[in-house]
Each structure stands twice: as structure tokens, then as C-alpha cells.
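Below: the structure, in C-alpha cells.
The values are calculated or read from the model by the stated rules, or taken from the named source; none is laboratory data. What you see is a predicted model; the values in this text were computed from it and never measured. All Cβ positions, glycine included, derive from the backbone under ideal geometry; neighbour counts span all protein chains shown. In case anyone asks, the SASA skips ligands and DNA or RNA and just uses the protein heavy atoms, side chains included. Shrake-Rupley method; radii C 1.70, N 1.55, O 1.52, S 1.80 Å.
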Protein chains: 2
Amino acid sequence: MEAARCTQTSAGPPPDEPTRRGAIPLTEDVRAYIERHRGEFVAGLKEWLAVPSISADPARADDVRRSAEWLAAHLTATGFPTVEIWPTGGASPGAQASGAPAVFAEWPAADPDAPTVLVYGHHDVQPVDPVELWDGDPFTPVERDGRIRARGASDDKGQVLFHTLGLRANLAASGAAAPPVTLRLLVEGEEESGSPNFGALLRTHRDRLACDVVVISDTTMWSADTPSMCVGMRGLTDCQIDVHGPEADLHSGSFGGAVPNPAHALAALLAGLHDSDGRVAVPGFYDDVVEVSSAERALIAKLPFDEAAWLRTAGSTAAAGEAGYSTLERVWVRPTAEVNGMWSGHTGAGPKTIVPRSAHAKVSFRLVPDQEPARVQALVREYVAGALPPGLRATVTFAGPGVRPCASDIGSAAVRAARDAMRRAFGTEVLFTREGGSGPEAEIADVLGAPLVFLAVGLDEDRIHAPNESVDVALLLKGAESAAHLWNELAAVLRPGGAAGSP
Amino acid sequence: MEAARCTQTSAGPPPDEPTRRGAIPLTEDVRAYIERHRGEFVAGLKEWLAVPSISADPARADDVRRSAEWLAAHLTATGFPTVEIWPTGGASPGAQASGAPAVFAEWPAADPDAPTVLVYGHHDVQPVDPVELWDGDPFTPVERDGRIRARGASDDKGQVLFHTLGLRANLAASGAAAPPVTLRLLVEGEEESGSPNFGALLRTHRDRLACDVVVISDTTMWSADTPSMCVGMRGLTDCQIDVHGPEADLHSGSFGGAVPNPAHALAALLAGLHDSDGRVAVPGFYDDVVEVSSAERALIAKLPFDEAAWLRTAGSTAAAGEAGYSTLERVWVRPTAEVNGMWSGHTGAGPKTIVPRSAHAKVSFRLVPDQEPARVQALVREYVAGALPPGLRATVTFAGPGVRPCASDIGSAAVRAARDAMRRAFGTEVLFTREGGSGPEAEIADVLGAPLVFLAVGLDEDRIHAPNESVDVALLLKGAESAAHLWNELAAVLRPGGAAGSP
């Protein structure tokens, strides 16, 4: 903990003078507790992993419900005084007919002025196909060489469960009867199905979910040797562009070269999405982009990134992208325009000499703070309208409102507190990463008006979403250790009402 | 006939001093003969049209053979001393297993020094689907309002058959026992199936098909009011371009913006096929293009072209193409690059945020004299190779050797002779057109080393290849009249051994 910012709250004792009851937990006490309870933790996790809570499979709806019930019982056993299973869908405005249940729990701090923290995770899991590529049944968890293999072991049951172990360790080490912050948990059951009811759920329960900071435990670290914190996720908006020309396909002998060809116009329009420096050339696209700080760039550069290995993973023989940025920066902190698909005219075998009547593309844009999906959508529409020659018309259809980007200020008190908590657990410097992808996390921040902090110990090698998903038990225990320290770290720096976002 | 270029041949009498035997036929004699034999001509044509010689339908192979036999019998009855049915495929080198038969006939001129003319047409017809859109059975010919409706009435049985009527009229009007040129006919049976065995047939019988000029009767005129001659057809070569990137589709959140996207590269490559003036931007593409003469451009400009009507036919709201050329010039005398189709990545419903592993396009090039398909193919390969960024690779696969463009010199003796023959029949100025499409005709010129002259009276309104194909009988009779005059016109200007191509 850095003394300069460890402002004392009224609730806790001074950090350097622990008392038996309510003391700041000592690193060694936390670690000893967690190691003592390893077997119990693994047994519980295996029990939960045996419940095939595949939210995308309607036939598994009962299992998803059982999964929620298992977690609710476990949270009650952990000591949470309030544990509820929240149905989704149906009654919620804008929701789908019948969603999968979420689990909510709350454990108030003893001090009524203590800050409130919301932990987010999910208890549903990905489908298991192709099941024949698994080394065993995905829902019969097996521990071998320190790893548990089962669907959901890393994503996200293992990472949800380390919080209860961490909280028990915190209470045991401090001797307190309640956590140093008011702790709320929201564990959704539809994350792997695109969280169709999550926004409505957040809005319905906005008051009970109110918090000063959100802790997300559903991401990855750089590697087991290089602990890291995610501090941002890119946003996303995607559209289909349809360019229409002649009423029907035309014979290219009779008409070719004399009427506008929609495929030519679409190709030009797509080619024009980027300039020769690899920058997105849609006018105004970068207007709201906040340039990433030199401090964060320097920390990104400290990551032991092996570009050759990354390219092997990508199956690509070259890196390419926006000039002036490294590969990690291109994926994490820079916005993109990406053609995801396109089609026009004849796509079967052999030649067919036509001027096609129409041409189509799917294009997605990854966004970074402070780009707003709605503004980017407007810019894309303007770009397409301006790029069309006479005789063609185009429509641009966005798949939805899009996902906002999110990023935590690496200088903020909350991020520094979480980083310190992880450093205590891992005993080494904690670096920063971002996620190039997009998730429901930004919506939590939007709806609840609270900053996000990512605390997670997943690894790329956990093979989430793939056959033989597994998790390193030692890392889950480090996650529990980090969580055990996090509440006091946050209590020390958070002012109720939301100063967490400022340094 | 223009006196300045009517060089007398040794065979015929002087044009201004007709004799009873071998005289230049008088316009009124020819017309009278043809009008007297209208009924007989129509009856014969209807008989032939009743034979459903659809070459693309294997179940109609016997009908295609019956069609050849009908024509052979008719040519024998016309007086051709040599009539043969030529099988195709099988024995011919490079041919398909079993082709449809062609009909060959020969009628030598009395004068052994007279030039030789080969007439080309075809006796097979297009399929008739959708047959429910016909006003009656496609193979039960009906004459109504001066038009015969039946599949093949215009394309190409009607246009083949006017030659026998024209030849009878020529002989009757001149009193000669043999035509003023050695007349050869080659009527193929696979034109509507892409002439798969035609090249082999030409090469096998090259000696017996040797000629000084080839007369093609398988095209259209501008309109019934504006008789015209086709003087060129564009060539064609088409390819598939495949751009390959990462080994598999990649998640655009994890990799987007940092690896080369094959769809972006293909879009840029396709967009780069044209410059801002609508010219094809493949380096070297225009090197061998012979600029069309100002004389021909002036004649094209005389055609009563209604661009608004043409655009309605095209179903396009604007014309577009190479700067500096009219719509007709763009379609007839200028080469093109046309994207016929393209596809990449996700083309189904909804979004899918991937970097696609590959991207593909079908591109065809219409060619004009003296572009060689093989050279254009090499230029396109170079262009594609040079347009690819690192990390991507591309293959370019051409569908075959391509089709050469062909054009008749409008100042050549053969073209002027044919134009004069048509002018005598129609009694008005004959203009020039071209075909934007491509056909087997160029191969005839290539293999036989003889120039092409197009004599045909089809119209766009004949609806060839469509339901309710029909033909204007009066125009077929004008075709017969033109053919009746053509042999003397050609005999007057052709030197055996091939001076027909020069003015």
C-alpha cells in the first residue's frame, strides 16, 4: 500500500496498528487461511462445475437455475445476510420472454459510512461442442497437475468463487464480523448468451445495486508470471451496408462499363475506410478519441510481448495496422474499422459475366474512450452517403445501439487500490492490460454511474470457450488472496458517493 | 455499289452489262423472287422450328441430330452439291466426349478463280424455361402479325435459312447455275452450349473450311427502321481472385486492427481496378488497344440512341463509365474490368465480429482489338501481386484462355461489299454497330485466318434466349435479299488468297 494515498476511513484502525478485531489483514495471515482451505474451496468449485449451466441451450434452463441455487446456498453459507435469486426477462421492460436467473447477495459493512462495492461475474457457461475434443466429460471436473478441467472452471465460476474464499480470509485475518466495505454481488446467468436481459435487470434493480465502484472478475491476466489488471475494453458497433444498383443482374457484355457497378462502389467505399497509414478515414472518427497516456503506453511496453508467438497464434504471417502504434496498442487502445464479411453477385463455381444488382458488407467498429457508438453510427452513415456515385443507393443498418468503450483511469484511487491488493497477493509488480473485445461491463458502469476495476486471474491458456477449459488452482487462490486485500484497500481510499474515479 | 472500289474479277460480267446467264442480279428481280417464295420459305422454317434442338439438354440430343438432318436435306434440295453432317467431340483432339453434329455444305463457283466465302450460323437453340411464360408451345411455330413465334425463330434458324432463299434468288435473277463465289456453310449444333467442340471442329476441318471471308449470321441490327451491320465483338477473359490471410477467421476484438484483413486488401485491389476517370487502372491494360477511328465514332453517333430508354432497359438510374466516351462507345469499343461477384467472411444474418481468413472475387475483362487475352491475364496477375500488403497472399485463376476481340475494318472491301448488299435490300443507309458481348466468332477468324463480316437481321425485340422468341418475317426476307446481293458484291471485290481485309 502506498502511504501517500492511504487515507484513513473512520471505520478502520490505522494500517500500521492492526487490532484483533477489524484490523487490516496481514499478508501472511490471509495466505495461511487460504492455503488451509484449499481442499474445501476446490471441492465446492467442483460441485458447482458439475452443474451444466449452458445458458444458450434452452434444454439446460433447469441446470442454469440449479447453478443459481447452488451459488445462493454457497453465499448464504459464506455468511452473506442477504441472498436472492433474481429472475430476468418477462416483467422487465425491454427484456426477452424468459431469461436465466441472476444471483444477488449483500453483506453490509459495520460502518454505515463505509463505501459500497459491487462484484460482477456470471454463473452460466459456454456450450461444450465439439464435445468429442474434450479429454473427458466437461461437467465431471478433474484436477490434475494443479489444474481443474471443466467447462466454466475459468470462465467464470472459478473467478466468482475465489471471492467467497477471499472474503472468508479477510474476515478471519482481521477478526471482523463484517467486511470493511458494503459488499454486493451480482452474478448473472446469461453472459454467454449475450446478456439479453442484463440491461433491463440493472435498470430494474438500480437502487439495490448502487455502489462506489464495480469489481469485474471475468477477464484475464497477461500470464501466470506477469500478473496484470485489465483497465479497459473497447466498445463496438456493427452494421450492414447494402449498395443497390440496377433492378436485376445485367449482362456485362451488353451493359458492362456503362452503368455503375454496385460491387465497384462497395469496394471503393470499403477501401476508403482506411488511409495509407492504416487510420480509419471516416471523417470525424477520431474526434472523440482520448489519446492513451504516455504512462499507460510505457506500462504496456513493459509487458513481455512476443510478437512472433502472437502471430503464430493468429495464424498470420505479418502484423499490420495503424502507423505509430504497437500491436498491443492497436488491439487495446486504438479504434478500428473491420470488414467482417461481404458479398455481391456471382459467388458460385465458374464465371458469370454480370454486373451485379447489389453488393453488401458487414462492417464493425471497435471503439475506445470517449467514442460514442451513436455518434460513430452517424459518421458512418454520412461517409457511406458521400461515397456513392450517381445511380446507386445505399442503406446502412446497425445491429443495435452498440457497446460503449470503457476504461479505468490508471491513476485513479480505485485502480491503484486494486493493483496494490494484487501486488500483495502476487508479491511482484502488477502491470496493466486492456481487452480488445467488448462486453456488458460498460453497461454496468453506464447504468450505475460507477467506475470499473477489473480483478481477475484467468489466462489465455485456460482455453475458455474451447474444449478442455481448465484453470490453475494456484492462480484462483492468488485471486482469493487479492480479493481478501481488496476490500480494505478500497475502504481506505473510497469516499462514499463516488470519489473512486479520481486519483 | 461504289464504282471507285468495284474492281472487276475475271469471273463475272461487268456490273453495268448484265447478261442473262451469270449477270449481276437486279434488285427488283431478287425482290420479286423472294416475295413469290415467301410462303414456301415460311413453311420450311416452321418445319425446322418444330424440331426442339436444345443442345444444353442431353435428353434432346436426338432432336439436335434431327435438326441437323432437316437442314442437310434442305441444303441438298436447295442445290448444294456437297452436304455433310459432321459429328463433333470424341475423335476430335481436345473435344468433349460426344458433341452435337454440325452441318457442312459446299457449292463451288463455276469460275475456279472465284473467291471462297464461308457462312457461319447454328441450328441448336436455347432452353425454353420458364415455359409457362410462353404464349404457346415453343416448338409449335405460330405466325401472327407478320412475326413467327418459336424458340430459334430469330436465333438462329431464321437467319440461317434466309441464306438458302437468298441463294435461290441470286441464281434465279442471274440465270447462273452456280453462285459467283464458292460458297461454304458451317452450321454448328452447340453454340447455345458454349461451343465446347467448335475450336476442335475448325482445326480438324481447317482445309475444307478455308475461305477468303467469313459471313456471320447470328447477330442483330439496330432496329427495323435503322438497318445496320455489326463490325466487332469484344473479347473476354475472366478470373477468380482469392486473397488468403490468417489460417482461420479471427476474433476481431482480439486481433482486429493488428493483422492484415484479406477483405480490406481485396476491396482496395478491386477499387484500384479503375481510376477516377473510369479507366481501367491495371498498368499496361491499354497498351494494345487500337483507338476506334473517328469515322466509326461518327457513324456510331448517327445511331438514334435513346439513352433514357436504354437506362430503363438496364434498370439503372444513371449511366457511368470511362470519361470521354458515349454509352454506346463504352459498351462496344472500349475495354472494361467488371467485378461480377465477391465474397468474404460472414455473409449470414446478424453481426459476426471476425477478421475473415480469406476474400474472393470474380472479375471479367471485356477486350477490344488488339488486346490479347493472354497478355491481359499476365497484366492482371502482376497487378494483383503488386497490390497485396505483407501477410497476405493471392491466387488469380483464369477460367480459360479467354476469347479474343474481333472487329472488321469498316473501310475494308468485304465490309463495304456487305454494306452495299444490305443497302440494296433495305433501300437506305446502313450504319455500323458492335456487340458488347463475346462469342465464338473470333475463333473462326483466328483459325481460318479470314476476316469476318456480319450479315444479320435479328432485333433486340426478338427476345432471343427469353420466352416468346419471335422474328419479323419481313426482316428475314430482307436478309435473304441482302444475301442474294452479297455474293456478287464480294466476288467483285475479293481477291482469292485474302485481300478482303484491306480497303
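Please determine, by comparing only the residues of the stretch A:380-397 that are of a type in the set (Val, Ile, Thr) and either under 14 Å from A:Gly272 (Cα atoms) or open to solvent by 40 Å² or more (accessible area, probe 1.4 Å) (or both), which one is nearest to the other protein chains (Cβ to nearest Cβ). Ranking the qualifying residues of the stretch A:380-397, first place goes to A:Thr397.
Among the residues of the stretch A:240-260, the one identified as in a helix (DSSP H, G or I) and within 13 Å of B:Ala319 (Cβ to Cβ) is A:Phe255.
Taking the stretch A:44-84 as the range and being under 23 Å from the mean Cα position of the chain (by Cα) and part of a strand (DSSP E or B) as the test, only A:Ile54 passes. Any idea how many residues of the stretch A:261-281 are in contact with a strand residue (DSSP E or B) (Cβ under 7 Å, 6 or more places away or on another chain), outside any helix (DSSP H, G or I) and over 14 Å from B:Gly257 (Cα atoms)? Summing the residues that are in contact with a strand residue (DSSP E or B) (Cβ under 7 Å, 6 or more places away or on another chain), outside any helix (DSSP H, G or I) and over 14 Å from B:Gly257 (Cα atoms) in the stretch A:261-281 gives 1. When the criteria are applied in full, A:Val259 meets the requirement of being modelled with pLDDT of 95 or more and surrounded by 15 or more Cβ atoms within 10 Å (Cβ to Cβ). Exactly one residue out of B:Ala374, B:Ala295, B:Ala320, B:Ala337 is closer than 27 Å to B:Gly232 by Cα, open to solvent by 50 Å² or more (accessible area, probe 1.4 Å), at pLDDT 95 or above and not charged (D, E, K, R): that is B:Ala374.
Here the condition is being in a loop (DSSP other than H, G, I, E, B), in contact with a His (Cβ under 8 Å, 6 or more places away or on another chain) and assigned by TED's automatic domain parsing to the domain that holds B:Ala456; of B:Asp111, B:Asp137, B:Asp155, it holds for B:Asp155 alone. Number of residues in the stretch A:53-69 that are surrounded by fewer than 20 Cβ atoms within 10 Å (Cβ to Cβ) and either in contact (Cβ under 8 Å) with a residue 40 or more places away in the chain or closer than 25 Å to A:Leu118 by Cα (or both) equals 5. If you filter the stretch A:273-284 down to residues that are over 19 Å from B:His274 (Cα atoms) and open to solvent by less than 50 Å² (accessible area, probe 1.4 Å), you find that the one that is farthest from the other protein chains (Cβ to nearest Cβ) is A:Gly284. Quick one: would you say A:Leu161 is assigned by TED's automatic domain parsing to the domain that holds A:Ala445 and in a helix (DSSP H, G or I)? Yes: the conditions hold for A:Leu161.
Just one of the listed residues (A:Gly427, A:Gly400) is surrounded by fewer than 23 Cβ atoms within 10 Å (Cβ to Cβ) and modelled with pLDDT under 95, and it is A:Gly400. Cβ separations smaller than 8 Å between residues 6+ apart or across chains give the following pairs from the stretch B:249-272 residues that are more than 7 Å from chain A (Cβ to nearest Cβ) to residues that are of a type in the set (A, V, I, L, M) and in a loop (DSSP other than H, G, I, E, B): B:Pro262/B:Leu392; B:Ala265/B:Leu388; B:Ala265/B:Leu392; B:Leu269/B:Leu388; B:Gly272/B:Ala281. So, B:Asp238, is that one within 30 Å of B:Glu192 (Cα to Cα) and within 7 Å of chain A (Cβ to nearest Cβ) or not? When the stated conditions are applied, B:Asp238 passes them. Number of residues in the stretch B:36-47 that are buried (at least 22 other Cβ atoms within 10 Å of the Cβ) and either at positive phi or among the charged types (D, E, K, R) (or both): the value is 0.
Output the residues belonging to the stretch A:445-465 that are more than 19 Å from A:Phe198 (Cα to Cα) and assigned to a loop (DSSP other than H, G, I, E, B). Hits for the stretch A:445-465 are A:Leu455, A:Ala456, A:Val457, A:Leu459, A:Arg463, A:Ile464, A:His465. A residue that is assigned to a helix (DSSP H, G or I), open to solvent by 30 Å² or more (accessible area, probe 1.4 Å) and among the hydroxyl-bearing types (Ser, Thr, Tyr) cannot be found anywhere in the stretch A:213-232. Please find, within the stretch A:414-439, the residue that is farthest from the other protein chains (Cβ to nearest Cβ) out of those that are more than 18 Å from A:Gln371 (Cβ to Cβ) and not in a helix (DSSP H, G or I). Per the criteria, the residue is A:Gly427. One residue is enough: does the stretch B:100-112 have a residue meeting the conditions farther than 16 Å from B:Thr182 by Cα and free of Cβ contacts under 8 Å to residues at least 60 places away in the same chain? For the stretch B:100-112, residues farther than 16 Å from B:Thr182 by Cα and free of Cβ contacts under 8 Å to residues at least 60 places away in the same chain: absent. Summed over the stretch B:298-310, the residues that are at pLDDT 95 or above and within 11 Å of chain A (Cβ to nearest Cβ) give a count of 1.
Only one entry of B:Ala385, B:Ala417 meets the criterion of being of a type outside the set (Val, Ile, Thr) and outside the structural domain of B:Ser195 (by TED's automatic domain parsing), and that entry is B:Ala385.
Looking at the stretch A:299-413, none of the helices (runs of 4 or more DSSP H) lying wholly inside it contains 2 or more residues that are in contact with a helix residue (DSSP H, G or I) (Cβ under 6 Å, 6 or more places away or on another chain) and among the polar types (S, T, N, Q). Of the residues that make up the stretch A:340-361, is at least one open to solvent by 20 Å² or more (accessible area, probe 1.4 Å), over 26 Å from the mean Cα position of the chain (by Cα), within 7 Å of chain B (Cβ to nearest Cβ) and of a type in the set (Gly, Ala, Ser)? Yes, because at least one residue in the stretch A:340-361 is open to solvent by 20 Å² or more (accessible area, probe 1.4 Å), over 26 Å from the mean Cα position of the chain (by Cα), within 7 Å of chain B (Cβ to nearest Cβ) and of a type in the set (Gly, Ala, Ser). Taking the numbered list (1) crowded, with 20+ Cβ neighbours inside 10 Å; (2) small (Gly, Ala, Ser); (3) out of contact with any Ser or Thr (no Cβ under 6 Å at 6 or more places or on another chain); (4) facing chain A (nearest Cβ under 7 Å) in turn, B:Gly315 passes all entries but (1).
Select from the stretch A:181-195 the residues that are open to solvent by 10 Å² or more (accessible area, probe 1.4 Å) and either under 13 Å from A:Asp124 (Cα atoms) or aromatic (Phe, Trp, Tyr) (or both) and list them in ascending order. Within the stretch A:181-195, A:Glu190, A:Glu191, A:Glu192, A:Ser193, A:Gly194, A:Ser195 meet the criteria. On the given criteria, is B:Gly194 without any contact (Cβ under 8 Å) to a residue 12 or more places away in the chain and within 22 Å of B:Phe454 (Cβ to Cβ)? Considered against the rule, which asks whether it is without any contact (Cβ under 8 Å) to a residue 12 or more places away in the chain and within 22 Å of B:Phe454 (Cβ to Cβ), B:Gly194 comes out as yes.
Taking the options B:Ala11, B:Ala50, B:Ala3, name whichever one is among the aliphatic types (A, V, I, L, M), surrounded by 12 or more Cβ atoms within 10 Å (Cβ to Cβ) and modelled with pLDDT under 55.
Numbers: B:Ala50 fails: modelled with pLDDT under 55; B:Ala3 fails: surrounded by 12 or more Cβ atoms within 10 Å (Cβ to Cβ).
B:Ala11 is the lone residue from the list that is among the aliphatic types (A, V, I, L, M), surrounded by 12 or more Cβ atoms within 10 Å (Cβ to Cβ) and modelled with pLDDT under 55.
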